[in-house]
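Notes for the one structure printed next.
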There are 2 protein chains.
Amino acid sequence: MTDAKNAEKDTFDLRNFLPFLLNQAAEESSLEFQRVYKNRYGMLRTEWRVLFHLGIHGEMTAKEIGERAKIHKTKISRAVHRLEKRRYLSRTRDERDRRVERLTLTPAGSAVYRELRGIAESYDAKLAAHFTKGEAALLRMMLRRLAGME
Amino acid sequence: MTDAKNAEKDTFDLRNFLPFLLNQAAEESSLEFQRVYKNRYGMLRTEWRVLFHLGIHGEMTAKEIGERAKIHKTKISRAVHRLEKRRYLSRTRDERDRRVERLTLTPAGSAVYRELRGIAESYDAKLAAHFTKGEAALLRMMLRRLAGME
DNA sequence: GCTTGTTAGTTACAAAATCAACTATTATCC
DNA sequence: GGATAATAGTTGATTTTGTAACTAACAAGC
C-alpha cells in the first residue's frame, strides 16, 4: 500500500486541469498588454476595462459595465473616480432617475481608447497567430461558452 | 466626420478579444471550485495551488513551486506559512544547502488534497462536457501553448 | 581565506481588492 | 400618501497582494 508515504508522485495532471490552464493562459496573455496601459498611462486593469467598455459601447452606467464585465460595483466606482480625475471620462446624472449616472469618455479618453484599441488588436492577432484561422475561431467560441457569454 | 461625438458605438469587439475572453473564462471556471476550498477549508487560491503541487509532485521546495506555477516567491512564502499553521504541510531544512526548505504534505494535508483532487477531476469533466472529446483536447493544447507550457 | 556576487526565503510598507455598512433616490403596496 | 423594500452608487474597515529591502547561506574569483 503506497498510502503511508505521502511524498509520492500522483497521477493527477495539473497541466490538463482546465481552470488551471485557463488561469495560466489568461495571466500570460494579459501580462504584455498590461505593461502598456500600466506603464504608459498609469492605468489599472479595472480602469482599462471600464475605458474599453465605454469606448466600445458609448454611454453606459456603472451598473451596465459591471454586469457585462462581471466586475464588482465598488471596483467600478473606484475605477470611475480615477478615470474621472485623469479626465478620461465625464459623468452626468440621469434626470429621469437621479440614482444613475451616465458615463462617457472625454475626447482625451477616446484618444487613449483608440490608441489602446490599436495595440489590443495587433496583440490579439499575435496571439491568434499561434493557431490556424479555424482553430482560433474555435478557441474563441469555446472560451465564450466557458465564460457563459453565449 | 463621426469623430466629434464620442459616445458612438465602435466596431471593436471585446467579445472576440482573446485576453478578455481568457480572463472571463478563467474567472467563471474557477469560481465554483474556489467556493469549495474557500468555504470548506478556508484556503486562498495560492494555498490550494501550493497544496496541489505538493500533492502531485511530493516533496518540493518553495522555489520549484513558484517556477512551475509562476507564482511570486512572497506569495508562496505566505501560503506556506498558512498551510503550515493549519498543519497541512511540514518543512525540513535541506542539510546540504541550508538555504532551502523541503516541503511535504502532512497526512492531514494529503487527505485534503485527495478530497480536492476528486472534486477537481469531476469539475474538470463537467467543464469539458461542453465540448466533444476532440474539441476539449484541442482546447487544452491551445491553452498550454498560450500559457507557454509546451 | 576574504571580498563580491547569488540564491532561498522572509519581512515591512504601500497599493489594491474584498466585504459590509452607508446615502440618496425610486418603486411597491397597503 | 406614507411606510417598506429595492436599486445605484459610495465609503470605510479589513484582508490580500505587490514591491523593495532585508537576512542567511552558499559560490566564485582572486
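Laid out as a table, the results:
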| item | result |
| --- | --- |
| Label 7 Å beyond Cα on the Cβ vector: residue A:34 copy-to-copy distances, nm | 1.5 |
| Exposure proxy ranking, count of Cβ atoms within 10 Å, fewest first, for A:85, B:38 | A:85, B:38 |
| Under-5 Å amide H pairs with residue B:100, H placed in peptide plane, nonlocal only | B:94 |
| Pseudo-label separations to other copies for residue B:94 - Cα-to-Cβ vector, 7 Å, nm | 6.0 |
| For chain B, built as a Gaussian network whose Cα springs stay under 10 Å, the top-fluctuating residue of B:15, B:68, B:93 | B:15 |
| Label-point separation in nm, residue B:72 to residue B:40, each point 7 Å along Cα→Cβ | 3.1 |
| Neighbour-count order for A:123, A:41, B:113, fewest beta carbons within 10 angstrom listed first | A:41, A:123, B:113 |
| Label-point separation, residue B:32 to residue B:90 (7 Å along Cα→Cβ), nm | 3.7 |
| Centroid-to-centroid separation of the stretch A:47-114 and the stretch B:41-70 [C-alpha atoms, Å] | 38 |
| Per-bin percent of Cα-Cα distances, the stretch A:30-146 [10 Å] | 13, 40, 31, 14, 3, 0 |
| For the protein assembly as shown, fraction of C-alpha pairs farther apart than 30 Å, in % | 43 |
| Interchain or long-range residues, amide H under 5 Å from residue B:60's placed H | B:103 |
| Anisotropy class of the stretch A:83-150 from Cα gyration tensor, a/c 1.5 cut | oblate |
| FRET efficiency, residue A:149 to residue B:64 (Cβ-Cβ, R0 35 Å, nearest 0.05) | 0.45 |
| Full-extension gain in nm, residue B:122 to residue B:97, via 0.36 nm per residue minus C-alpha separation | 5.0 nm |
| Computed over chain B: relative contact order in percent, which uses C-alpha pairs under 8 Å that are six or more apart | 19 |
| Peptide B:127-140 - average C-beta neighbours from other chains (10 Å radius) | 3 |
| On Cα atoms only, tilt of B:18-35 relative to the major axis of chain B in degrees | 40 |
| Helix-only CD estimate at 222 nm, as mean residue ellipticity for chain A, using -39500 (n - 2.57) per DSSP H run (n ≥ 4) | -19000 deg cm²/dmol |
| GluC sites (Glu not before Pro) restricted to DSSP loop in the stretch B:52-101 with at most 13 other C-beta within 10 Å | B:95 |
| Ascending count of other beta-carbon atoms within 10 Å, so fewest first, for B:119, A:65, B:71 | B:119, B:71, A:65 |
| Other-copy label distances relative to residue A:125, 7 angstrom Cα-Cβ extension, nm | 4.4 |
| Rounded to 10°, Cα long-axis angle of helix A:73-85 versus longest principal axis of chain A | 50 |
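Where a number appears in this text, it was derived from the coordinates with a stated rule and is not lab data. Every value quoted in this text rests on a predicted model; they were computed, and no experiment measured them. Backbone-built Cβ (ideal geometry, glycine too); neighbour counts: all protein chains shown.
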